[in-house]
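Where a number appears in this text, it was derived from the coordinates with a stated rule and is not lab data. Everything numeric in this text was worked out from a predicted model, so none of it was measured. Don't worry about glycine lacking a Cβ; one is built from the backbone with ideal geometry, like all the others, and counts go over all protein chains shown.
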Amino acid sequence: MLKFALAGNPNCGKTTLFNTLTGSTAHVGNWPGVTVDKREGIYKKLSVPVSIVDLPGIYSLSPYTPEEVISRNFIIDEKPDCVVNIVDATNLERNLYLTTQLMEIDVPIVVALNMMDVVKKSGDKLDAKKLESAIGVPVVEISALKEEGIQELMERAFRAAREKRAGKTVLEGSRLSHVINDVTIALRGKGVANPLFHAIKLTEGDELEVKDHPEEVAMVEEFKKQFSDDVFAGDFEAMVADERYKYISAHFSTAVVHAEKKEAFTKSDKADKVLTHRIWGIPIFLVILFAIFHLTFGADFLYLNTITGWFNGGAGFASDIDTGNEVLSAFVAVFYTADGISTPGAIVFNLMGFITDQLGGLIATGLENVGAAAWAQGLINDGIWAGLSGVLSFIPQILVLFLFISILEDSGYMARVAFILDRAFRKFGLSGRAFIPMIMGFGCSVPAAVNTRTLADEKERIMTNRVIPFFTCGAKAPILAAICGAIAAQYTGVNADLLVFALYVFGMAMAVVMVAFMRQTSMRGEVAPFIMELPAYHAPQFHNLMVHLWDKLKHYLKKAFTIIVASAIIIWFLSNFSWQWQMVEMDESILYDIGSFVCWLCTPMGFGVQWGEYAWVFVVAAVTGLIAKENVISTFFVLGNCLAGQALLDEGSMEGWQAVQFLVQQTGISWQGLIAFTVFNMLTIPCFAAAATVKAELPKGKFKFTVAFWLITSYLTSTAIYLVFTWWWTVFIVAALIALVVTYFVLRNKGKINLSRKNKNRPARE
């Protein structure tokens, strides 16, 4: 089977083209570093199937980043039948730099001028035939997003793949050509594949080439001695780059005719003056983030009911509506409740809740009609369906959250957030590049951990992997929504979506604080420089958004019908059977014994033995959450239904916050304990899948310290929160301890404190 490699700069539309060709659903984000490893798919619209390989976005074939190493090694070592070089036609000169490097490899090449629809819309003109004549390789105009020119591109790539091609360089005839030709001839004589490419890289002093061809290094240095340059002071890498850009400017730029610009600043430039402002950039991001959480988890749309209540003596316009018809009233409640007009997130949550309630009722009635045994009814109703419905009910709300985040990604705004946060992150020991995998952690920690491969600095990569779980993923969102909703229902004056937002921000703040702590202790070092392209703002593409949401939906459904169902069954059995495998009351069950034993460890965190007979249910929920965070909600539903009894089941399944509220009433746990419980689940060991991914991305021997970091951080933070919120005066004790630790490390780093045994035992000088 023929193999085509897709290569191009970051943000050139490469992954979009890959999805179009293969029908895949690879994530498309409007920032560099989305693709961190090669991906493969099949194109089936030619006479024979063709394997398509999507390589990470790169600016050059020099090994400055992990992505560049992956792409370079694949093209050189794997020898694809054709390289399809995707070029952003709106930024031709910069993109063609990579093209000039690819042309030097003995491999067929086809250049795809992407985003030609944008070029034409701007009034610019680009002569593809003229460019093809100048480059000497096929050039095809396409629009990957609108699927224009795709068939022609693949047909020309197919024809090119059948012909051999020798590498050519734009450096021919330059002041460096003599040196390059001498090295090329020498390498060809030694039987080195792609001699021209390797000769140029050896001339540049490329690190990978020097390592792979040590015998040729001395020879190249002899050739270099014959060459003198006063401008670049012998920096051959800079000389090569200069010659490339000179050639591009002299030969390729003539293929582009730019339309006369009416304004010096584009719309993106004007927007960036506000959105990337040094002072207002971060506050604006936080406001946007709060708006997202309000529209996702809020019940009072834009706080209209609350605002009207300010002018009506506390009485808003919303009230319960009884239509006299049960089904109709339920549908009215989807869009309108006593809290106000429902937000988009509340609408889909209420709608899914109505559906799961009806299905739960049908399942319960069906089991009764067939005369199922009591234990079977309990297993299916209280175990399987209770756990499954608890997860399913939150899926639409989570998809709304992902939709908003995907809109920010696809529009180009998230790239700006990484840019503005670089200034803040750098003060704490991270570059803005680390924000990219962190923000992906809002969706799922697994791809976020994989994305840390783009971080060249090992210490920065380790720190980022350790704090990624602090960015609340989609599986943790239902925990926050349910607990914050229960607190708001239990205590007047508490706003649920504001509390959710505060916890999300707290997680981000903890990530920054712990990075700063690690930089002062085990991960001392300089912050890596951060350079990032800011793409132009554009309207999000409906197709990209739907692909992203479909991926998330498949992920959650897979977990719901595998891990969650299995966990719900296990929890039900353990909560209804004794060690002798006899069906008993919950307070005599296996789960009760396990929870009661672990309960003592959780007492300092506020959800332990201090809350009486059924306090252990929160302990069990936290433990099951280590497998998958969705299990926390599933456990609430299973144990809540088991504790509630038949009376409540007759009224229908509980919603997430109702399950938590019921457990609060049963256990007497305080709001302080609930907040500490939430924080513990936010900061502790993520799900098994995420933990396994982090282990794979960390250097050998670092994972066990990472697990200890998660456990210690979550335990101490939750304990501190519970103590401070319960007894306000303990804030002075906590502050004093933190100040003591900070002072110690500051003095140690300044050399004022040295407790090493070597120095202690060293005899004093006379």
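Would you be so kind as to identify which of Ser143, Phe636, Thr296 lies farthest towards the positive end of the dipole of the chain, taking Lys and Arg as +1 and Asp and Glu as -1 on Cβ and the Cα centre as origin?
Ser143
Give the long-range amide H neighbours of Leu2: residues separated by 5 or more places, or on another chain, with amide H under 5 Å away, using H modelled in the peptide plane at 1.01 Å from N.
Ser51
Toward the positive end of the charge dipole of segment 177-257, about the Cα centre and with charges on Cβ (Lys, Arg +1; Asp, Glu -1), which of Ile248, Ala218, Val179 goes farthest?
The one lying farthest along the dipole's positive direction is Ile248.
In the chain, what percentage of the DSSP-assigned beta bridges are antiparallel, given to the nearest 5? Spell out each step's value before the answer.
Working: 11 of 30 bridges.
Rounded to the nearest five, the antiparallel share is 35 percent.
Of the peptides 279-290, 330-341, how do they stack up when ordered by the mean number of other Cβ atoms within 10 Å, highest first?
On the way: 279-290: 14.7, 330-341: 16.7.
Output ranking for 279-290, 330-341: 330-341, 279-290.
Would you grab the residues whose amide H sits under 5 Å from the one on Glu141? Only those 5+ places off in sequence or on another chain, please, with H modelled 1.01 Å from N.
Residues meeting the criterion, in which the H sits 1.01 Å from N, are Leu113.
With θ set to phi - 60° and the Karplus curve 6.51 cos²θ - 1.76 cosθ + 1.60, what are the ³J(HN,Hα) couplings of segment 708-717 in order, to the nearest whole Hz, using x for Gly and Pro?
Those phi angles translate into 4, 4, 4, 5, 5, 4, 5, 5, 5, 5 Hz.
Using the Cβ atoms and a cut-off under 15 Å, what net charge is assigned to the surroundings of Glu172, where Lys and Arg are +1 and Asp and Glu are -1?
Details: positive: Lys168, Arg175, Arg244, Lys246; negative: Glu104, Asp182, Glu243.
With Lys, Arg at +1 and Asp, Glu at -1, the neighbours total +1.
Against the longest principal axis of the chain, how steep is helix 395-411, in degrees 0 to 90 to the nearest 10, with axes from Cα atoms?
Approximately 30 degrees, to the nearest 10.
Find which of Val527, Ile733, Ala434 sits farthest along the positive direction of the dipole of the chain, computed with +1 on the beta-carbon of Lys and Arg, -1 on that of Asp and Glu, about the Cα centre.
The residue sitting farthest along the positive end of the dipole is Val527.
Highest first, please rank the peptides 296-306, 187-197, 2-12, 369-379 by the mean number of other Cβ atoms sitting within 10 Å of their residues. Spell out each step's value before the answer.
On the way: 296-306: 20.4, 187-197: 16.9, 2-12: 23.7, 369-379: 13.0.
Per-residue Cβ counts within 10 Å, averaged per peptide and sorted highest first, yield 2-12, 296-306, 187-197, 369-379.
So for segment 69-164: antiparallel DSSP bridges make up what percent, rounded to the nearest 5?
10
When only C-alpha pairs under 8 Å and at least 6 residues apart count, what is the relative contact order of segment 2-161, in percent?
Numbers: 308 pairs, mean separation 37.3, N = 160.
Over segment 2-161, the number comes to 23 percent.
Would you mind checking the tilt of helix 730-749 against the longest principal axis of the Cα atoms of the chain, expressed as 0 to 90 degrees and rounded to 10?
20
Report, ordered by chain and residue number, the aspartates and glutamates lying within cross-link reach of Lys120, taken as a straight Cα distance under 15 Å and ignoring same-chain residues fewer than 8 apart.
Asp88, Glu141, Glu148, Glu260
Only four residue types carry charge here, +1 at the Cβ of Lys and Arg and -1 at the Cβ of Asp and Glu. Report the dipole size of segment 2-161 about the Cα centre in Debye, rounded to the nearest 20.
Working: 17 positive and 21 negative charges, 59 e Å.
With Lys and Arg at +1 and Asp and Glu at -1, about 280 debye.
If I fit a long axis through the Cα atoms of helix 413-428 and take the longest principal axis of the Cα atoms of the chain, what angle between them do I get, 0 to 90°, rounded to 10?
Once rounded, the angle reads 80 degrees.
Output wanted: per-residue J couplings in Hz (rounded whole) for segment 156-163, from phi through Karplus 6.51 cos²θ - 1.76 cosθ + 1.60, θ = phi - 60°, x for Gly and Pro.
Per residue, the Karplus-derived 3J(HN,Hα) values read 6, 5, 5, 5, 5, 5, 7, 10 Hz.
Mind listing the long-range amide H neighbours of Tyr59? Cut-off is under 5 Å, sequence gap 5 or more, other chains count too, H placed in the peptide plane at 1.01 Å from N.
Under 5 Å from the amide H of Tyr59: no residue qualifies.
So how do His213, His548 line up by other beta-carbon neighbours within 10 Å, fewest first? Mind showing how you got there, number by number?
Values: His213 19, His548 24.
Sorted ascending by nearby Cβ count, the order is His213, His548.
Using packing as a proxy for protection, rank 477-484, 397-404, 689-696, 634-641 so that the peptide with the highest average count of other Cβ atoms within 10 Å comes first.
Working: 477-484: 25.5, 397-404: 21.8, 689-696: 18.9, 634-641: 28.8.
My ranking of the peptides, most packed first, is 634-641, 477-484, 397-404, 689-696.
Note down the relative contact order for the chain as a percent, whole number, built from C-alpha pairs under 8 angstrom at least six residues apart.
On the way: 1157 pairs, mean separation 83.3, N = 766.
Here the relative contact order equals 11 percent.
Quick check for me: using +1 on Lys/Arg Cβ and -1 on Asp/Glu Cβ, what's the dipole size of the chain about its Cα centre, in debye to the nearest 20? List each step's numbers first, then the result.
Details: 65 positive and 72 negative charges, 464 e Å.
It comes to approximately 2220 debye.
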